[in-house]
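FYI, it's all coordinate maths here, none of it is from the lab. This one's a predicted model, so the numbers in the text were calculated from it and none came from an experiment. Here the Cβ positions follow ideal geometry from the backbone for every residue, glycine too, while neighbour counts run over all protein chains shown.
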Amino acid sequence: ENNPSICSYSLNLAANVTVPCSQNYTNITAITKIMNNITFYANDTLGYIGSTTIFFRMNTNPTVPELVSPANATEKIYNNLTFIWNASTDSDGDNLTYEIVFGNDSSFTRQLHNATTSNTNYTNISIYQDGAQYWKVRAYDSLEYSNYSEQRLLDIIKAVINITSPAN
């Protein structure tokens, strides 16, 4: 039979909600969980019941981190480099971590190093080499990544001091 007489749905295994069979449902506002399921039921006048279940997740990506320091196109001495960015936000309230990536070209085809941290800064003196390096950051909420931040260029200068006098 093409015309069901009773229609209902159940969201996340809650009690069935009876609804008009001719209504479209595009905005069910009781969705609060990340992982969800909704089951639609239809009964016809002969007592046959049909149902279908849809599984889906709700999540909003975190915002893109904003780089603070070092500034773009600056020169820095090899040691004591700390990279700083502003915290991202997540409208779902998820805990965030950050991935910082270093590359030797602006397309990051060859990554020199990447790391994950829950802080909004990163220091590691073992990753740098002389010359131009690029860096960028993105946030992660355990389900999805934000887009990457802008990339910044940093010219690393490895200072070497040779003492030649006095001899001893």
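What do you get for trypsin sites (Lys or Arg not before Pro) in segment 128-162 restricted to DSSP loop and a cutoff of at most 11 other Cβ within 10 Å of the site's Cβ?
Here the trypsin sites (Lys or Arg not before Pro) that fit, given the DSSP loop and packing criteria, are Lys158.
Which is the longest part of the chain that has none of the GluC sites (Glu not before Pro) sitting in a DSSP loop with at most 16 other Cβ atoms within 10 Å?
Working: sites that count: Glu1, Glu144, Glu150.
With GluC sites (Glu not before Pro) excluded where exposed in loops, the chain gives 2-143 as its longest stretch.
Quick one: net charge around Tyr145, please, counting Lys, Arg +1 and Asp, Glu -1 for every other residue with C-beta under 13 Å from its C-beta. Numbers along the way, then the final one.
Working: positive: Lys136, Arg138; negative: Asp90, Asp94, Glu99, Asp141, Glu144.
Here the count lands on -3.
Relative contact order for the chain: what is it in percent, counting Cα pairs under 8 Å that are at least 6 residues apart?
Here the relative contact order equals 20 percent.
In debye, nearest 20, what is the charge dipole magnitude of the chain about its Cα centre with +1 on Lys and Arg Cβ and -1 on Asp and Glu Cβ, if you could check?
Result for the chain is approximately 320 debye, rounded to the nearest 20.
Counting only Cα atoms, I'd like the Rg/Rh figure for the chain, Kirkwood definition for Rh. Walk me through the intermediate numbers first.
Values: Rg = 27.4 Å, Rh = 20.5 Å.
Looking at the chain, the ratio lands at 1.34.
In whole Å, largest first, what are the principal axis extents of the Cα atoms in segment 111-168?
61, 20, 17
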